[in-house]
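The values are calculated or read from the model by the stated rules, or taken from the named source; none is laboratory data. Fair warning: this is a prediction, and the values are worked out from it, not measured in the lab. Note that each Cβ is placed from the backbone with ideal geometry, even for glycine, and that neighbours are counted across all protein chains shown. Calculation scope for accessible area: heavy atoms of the full protein, side chains included, ligands and nucleic acids excluded. Shrake-Rupley method; radii C 1.70, N 1.55, O 1.52, S 1.80 Å.
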Amino acid sequence: MKNIIRNIFFCLILLNITWMGSADESALKNPDGSWKWTNRLIHETSPYLLLHAHNPVEWYPWNDEALERAKKENKPIFLSVGYSTCYWCHVMEREVFSNPEIAEQMNKNFINIKIDREERPDLDEIYMTATQILIQRGGWPNSVFLTPDLKPFFAGTYFPPADMPNRPGFPTILNAVHEAWVAREAEVLESANKITQVIEVAISTGFTALTAKSFDRSLISAAVAHLKTNYKHAYGGFSGAPKFPSPANLEFLLKEYERTTDESLLKMVTHTLDMMAYGGIYDQIGGGFHRYSVDAKWLVPHFEKMLYDNAQLAKLYLQAFQLTEKPQYRRIAEEIFSFIFREMTAPEGGFYSALDAETDAEEGKYYVWTADEIKNVLPQKDVQQFAAVYGMDKGANFEGKNVLYVPNAAESEASLKSLISARETLLAARSERERPLLDTKIIVSWNGLMIDALAYGYEVLGEEKYLTAASKAAQFILDTLRKPNGELWHTYAAGVTKYDAYLDDYAFFVRGLLGLHSATKEERWLREATTLTDKMIQLFWDDKNGGFYFTKADAKQLIVRTKKPHDSAIPSGNAVAVNNLLMLNVSYRTYAKKALLSFSQAMEVTPSSFMHMLYALNGYLSLGENRDTSTLPNLPLGELGQDNSTQALVTATAKVKTPAKNEQIGVEVQVKIATGWHINANPAGQDNLIPTTITVAKDAPIEIVEIKYPKGKSVQFAFSTEVLNVYEKTFTIPLKLKLKPNTSIKKNNPITLKFNYQACNDTECLLPQTLDIPLKLE
């Protein structure tokens, strides 16, 4: 794999082609206004795919026609994965895919496939994992090159239309990949096979119950400790910039607060909710939360609005309102629901997926204000107070304009009531602006989250309109997105249902149905929830190892079958399924216990990635082995962002052993590995395994001239017939460094060594990691 990647980058260095990009819509049209090009995406229903329907690229959706053509013509596939609210996806569409010269390259040498990741989360997970393995990072748009049998061999994210410093342009990439395929096809295929094996280890075989131990409340205590350690006291939340809402973290803490009455847990939750509600991440005029903030203060958002965020956060604010009776939490939940009814509810009854971040290729244009705009729209008597309450008197905070926020929250809550009319006036004025793209897909899983939130809103606040909306959406899904055989479809758009439902669709929709039953006590909702749970078990349950697969057993064209047990922007389907099973009758409890056992070790090692599963575990432990399930309280849902806490399994330090001699510096890296875990040695013993390596960044002032990896321990594991070489416990790696010509190192300014490894135990391997090791040379 290393050789093929090195060869590709060698091609990149040799090729130096400059292309001019950035075509606007007018460049894609004829003088009479008709489109110059129309490709196969014109027949799709996804708003994201339709944005590319008039590119000069001969796009295919992911279908049999495209895949069969790739095999017949023996051409590699260029797979582009994105979604409607992805800013850089839009940039690449405008600058790269609308460029006729670049499109000609793509059409000549590749079969080009475009995917909406929200329609195909199964493919998104597989090929995002490939990108993370290949380039040690990921993001969207995800740009992956595949062999005709769908195995990845080269990947990246956004590529510009022309070469830039330290970043090759897309034409250069296309030429390099094409040359590699034509000149070294066998080598590319070998590399693709190895990468696919690594993907399977990373996301398919990683979680089993073969050696699972029983669990107890120590897992809960460890998760609480983890959150306390990572909590940010100034602005709340659990990370710096960029800052994502984390409902799963907060709901978990609320449940522990209810059990323990530990006021510090409640304070962490309420402070975070306050900072979010008064920050720019919250739409102070129209209600609803944006996806995340680009800073650590919740001030400047990335402006897209997602259904799943607002569903989870509405319920969380309602829970906080129940516990604290603070009216601002009720206000936020009600404003979120008003936003959903106004802008994201389909006439049929379901809920749309998302609102884009940009209009006219300008991010946030729809939402930000200038001081002059406020003066021109509001009555003069309101301008000064509005500017003071919403931070405009402090000056512009976003590209010369203002993201509205409430800088003096405690003092301003009362003032917000007096400005209701002003906000309504601004909302009306804003609605006259060109609106962001609305993604009109109705996704079953995300609708389940909103149904659950609305049902809970009715249960807490008694507002009939919430129950009406939840019931209508649930009935729409049952009537329109359920097949004659009782299975579900995944999406609905423009009157068309598409794609077999995934685990998340069943689990999240069942959660919504159970929420409706809890709010109304109507047996029909419980019957539907039970029927769909039985279908979920039939289609997705892993009889051997416990837990649920993400896709059906008969899913086509997947190189691996995964379980997706980690939380992401939405909770894991496995965790939600466990919550549901605990709320049904006692006959389902065995499935819940087996699923929890299947992921118990992973919960212990990386609690941040399993917070909603830990929430479910908390419910299971509270329930008790002999207690009737009907007494279990409502188990809400949550979300969690990315975390690198897997690195706690492996720690490393570096120190100078011998000072500079003959221009070389002797260094020793000491590595410590947690008990029960190992990392692959160098060499690892099998070609498909990732060996441990130490590297430095290309722009570092030093280079490695010699490195002596120690001999690994020879071990044979149950999953392999071959002996593997591994490192365990503590070991050292000696190496020699040399200062590059014409460079210097500032005193007390450490350099960084990159320690690349993959941690495994007897039954699972985690994703490859890179650990930064600081080294002071002076």
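Overview of results
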| quantity | calculated |
| --- | --- |
| Tally of residues being closer than 24 Å to ASP452 by Cα and not aromatic (Phe, Trp, Tyr) across the range 539-557 | 3 |
| Enumeration of residues in the range 375-422 that are more than 33 Å from the chain's Cα centre (by Cα) and of a type in the set (Lys, Arg) | LYS375, LYS381, LYS394, LYS417 |
| Residues that are at pLDDT below 95 and either among the acidic types (Asp, Glu) or within 26 Å of THR693 (Cα to Cα) (or both), drawn from the range 133-152 | ILE133, LEU134, ILE135, GLN136, ARG137, GLY138, GLY139 |
| Residue among VAL182, VAL198, VAL144 that alone is over 24 Å from LYS754 (Cα atoms) and assigned to a helix (DSSP H, G or I) | VAL182 |
| Check on THR675, modelled with pLDDT under 90 and either among the aromatic types (Phe, Trp, Tyr) or in contact with a Lys or Arg (Cβ under 9 Å, 6 or more places away or on another chain) (or both) | yes |
| Residue identified as of a type in the set (A, V, I, L, M) and within 22 Å of ALA248 (Cβ to Cβ) among ALA553, ALA575 | ALA575 |
| Residues located in the range 490-504, provided they are open to solvent by less than 30 Å² (accessible area, probe 1.4 Å), under 20 Å from GLY349 (Cα atoms) and either among the hydrophobic types (A, V, I, L, M, F, W, C) or modelled with pLDDT under 95 (or both) | ALA493, ALA501 |
| Hits in the range 300-349 - residues which are assigned to a helix (DSSP H, G or I), closer than 15 Å to ALA277 by Cβ and among the basic types (Lys, Arg) | LYS315, ARG330, ARG331 |
| Long-range neighbours under 7 Å by Cβ, at least six apart or interchain, first residue outside any helix (DSSP H, G or I) within the range 457-482, second surrounded by 15 or more Cβ atoms within 10 Å (Cβ to Cβ) | GLU463/GLY457; LEU481/VAL444; LEU481/LEU488; LEU481/TRP489; LEU481/TYR492; LEU481/THR497; ARG482/LEU488 |
| Flag for GLU399 being closer than 25 Å to ALA314 by Cβ and open to solvent by 30 Å² or more (accessible area, probe 1.4 Å) | no |
| Count - residues of the range 104-132 that are of a type in the set (A, V, I, L, M, F, W, C) and open to solvent by 10 Å² or more (accessible area, probe 1.4 Å) | 1 |
| Segments classed as helices (runs of 4 or more DSSP H), wholly inside the range 355-438, with at least 2 members that are within 30 Å of PRO47 (Cα to Cα) | 420-430 |
| So LYS326, is it over 19 Å from GLY364 (Cβ atoms), open to solvent by 10 Å² or more (accessible area, probe 1.4 Å) and free of Cβ contacts under 8 Å to residues at least 12 places away in the same chain | no |
| Test: residue in the range 433-447 that is without any contact (Cβ under 8 Å) to a residue 40 or more places away in the chain, open to solvent by 50 Å² or more (accessible area, probe 1.4 Å) and of a type in the set (D, E, K, R) | no |
| Filter pass, TYR282 being touching a Gly at 6+ places or on another chain (Cβ under 9 Å) and over 25 Å from MET450 (Cα atoms) | no |
| Filter pass, GLU487 being open to solvent by less than 30 Å² (accessible area, probe 1.4 Å) and acidic (Asp, Glu) | yes |
| Meets criteria (of a type in the set (Gly, Ala, Ser), open to solvent by 20 Å² or more (accessible area, probe 1.4 Å) and more than 27 Å from LYS315 (Cα to Cα)) for SER609 | no |
